[in-house]
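Working notes, beginning with the structure itself.
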Amino acid sequence: QVQLVESGGGLVQPGGSLRLSCAASGNVILLYTMAWYRQTPGNQRELVASTVRGGSTTYGDSVKGRFSISRDDAKNMVYLQMNSLKPDDTAVYYCFADQWNRDYWGQGTQVTVSS
């Protein structure tokens, strides 16, 4: 099994930046997809950014050009650099990983963008 723990959330002013981190532990071999999702009350969980082994990345349309995902497989970490934050970015952000087609989710970290 794999455990995922997010950190780095908080309160940020519009236009500001924030860096989220996700640490994977447990049986962390051959994690294929690592990704960030976000969710607000009453809405479905939304893909923010995704990366797979080999370096391919995918971004949601609402964050393209502002967010950047990166991973460090040697440290079993994935990061989300968020720039030019908007109030609509306010959500709980969840770390995701899959291994042998089994999904793992973190507990989430709150990001609030407000002046």
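Taken about its Cα centre, the chain carries a charge dipole of about 140 debye when Lys and Arg each add +1 at the Cβ and Asp and Glu each add -1 at the Cβ. For the range 1-68, the Kirkwood estimate of hydrodynamic radius, built from reciprocal distances between every pair of different alpha carbons, is 13.8 Å. Within the range 39-66, name every residue whose backbone N is under 12 Å away from a label modeled 7 Å from Cα of D103 along the Cβ vector. Residues 45-47 qualify, since their backbone N sits under 12 Å from the label point. Beyond 16 Å, the tail of the calculated P(r) for the range 51-115 holds 55 percent of the Cα pairs.
Using the 1.4 Å probe convention, the accessible area of the chain works out to 54 Å² per residue with neighbouring protein chains retained.
Coupling constants for the range 79-88 follow from the phi torsions by the Karplus curve (6.51 cos²θ - 1.76 cosθ + 1.60, θ = phi - 60°), and in residue order they are 10, 9, 8, 10, 10, 6, 5, 10, x, 5 Hz; glycine and proline get x.
At a 1.4 Å probe, what is the % contribution of carbon and sulfur to the accessible area of the chain? Result for the chain: 46 percent of the exposed heavy-atom area is carbon or sulfur.
Amide H contacts of F67 (H built 1.01 Å from N, in plane; Pro and chain starts excluded): N83 sit under 5 Å, all sequence-distant by 5 or more or on other chains.
Computed over the chain, the Cα gyration tensor eigenvalues convert (square root of 5λ each) into semi-axes of 23, 14, 13 Å, ordered from largest to smallest. Taking Y59, Y93 and ordering them by how much accessible surface each has at a 1.4 Å probe, largest first, produces Y59, Y93.
The values are calculated or read from the model by the stated rules, or taken from the named source; none is laboratory data. All values derive from a computational prediction rather than experimental measurement. Positions of Cβ are generated from backbone atoms using ideal geometry, with glycine treated the same way; all protein chains shown enter the neighbour counts. To get the accessible areas, we keep the full protein, side chains included, count just its heavy atoms, and leave off ligands, DNA and RNA. Shrake-Rupley method; radii C 1.70, N 1.55, O 1.52, S 1.80 Å.
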